[in-house]
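Only one structure is covered here, and it is reproduced in the block below.
Every number here is computed from the coordinates shown, using simple stated rules; none is lab data. It should be emphasised that the depicted structure is a prediction, and the values quoted were computed from it without experimental measurement. Methodologically, a virtual Cβ is constructed for each residue, glycine included, from the backbone with ideal geometry; neighbour enumeration extends over all protein chains shown.
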Amino acid sequence: MKFNDYQKLANQTLLGNEQVLTNCALGLASESGEVIDLIKKYTFNAEQLDRDELIQEMGDVLWYLSQVAQWANIPFEEVAQQNITKLNTRFGKQLHLPEK
């Protein structure tokens, strides 16, 4: 799935029209905390890392990120591309997808 397609689909589930940015920022912090908590329990409490739960929580983080970008009129693919460009610069090499 393309990032911009995801962003448009996800936006169909956004409720409300006031304080959207604040709601999304708080939701992003909360859902990121859920991901962190799963990893903390795995690392320090010797709990199994529940892959399905991790995917769900990461999806929630993705949803909130996409909606912050939507609010700011930023195509989600632009966020991803600029991040790869930054990583290329930071690590001094061109990142490439592995060949199949």
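A few points about this structure:
- Using a cutoff of 8 angstrom between alpha carbon atoms and counting only pairs six or more residues apart, the relative contact order for the chain works out to 37 percent.
- If you wrap the tightest convex hull around every Cα atom of the chain and split its volume per residue, you get 152 Å³.
- Whole-angstrom gap from segment 1-49 to segment 68-83, using each part's C-alpha centre: 16
- Total charge dipole magnitude, the chain, about the Cα centre, Cβ charges on Lys, Arg, Asp, Glu only, Debye to nearest 20: 540
- If R0 is 22 Å, the Cβ-Cβ spacing of residue 12 and residue 58 corresponds to a FRET efficiency of close to 0.65.
- Extension gain from residue 4 to residue 79, taking 0.36 nm per residue of separation minus the Cα-Cα distance: 26.0 nm
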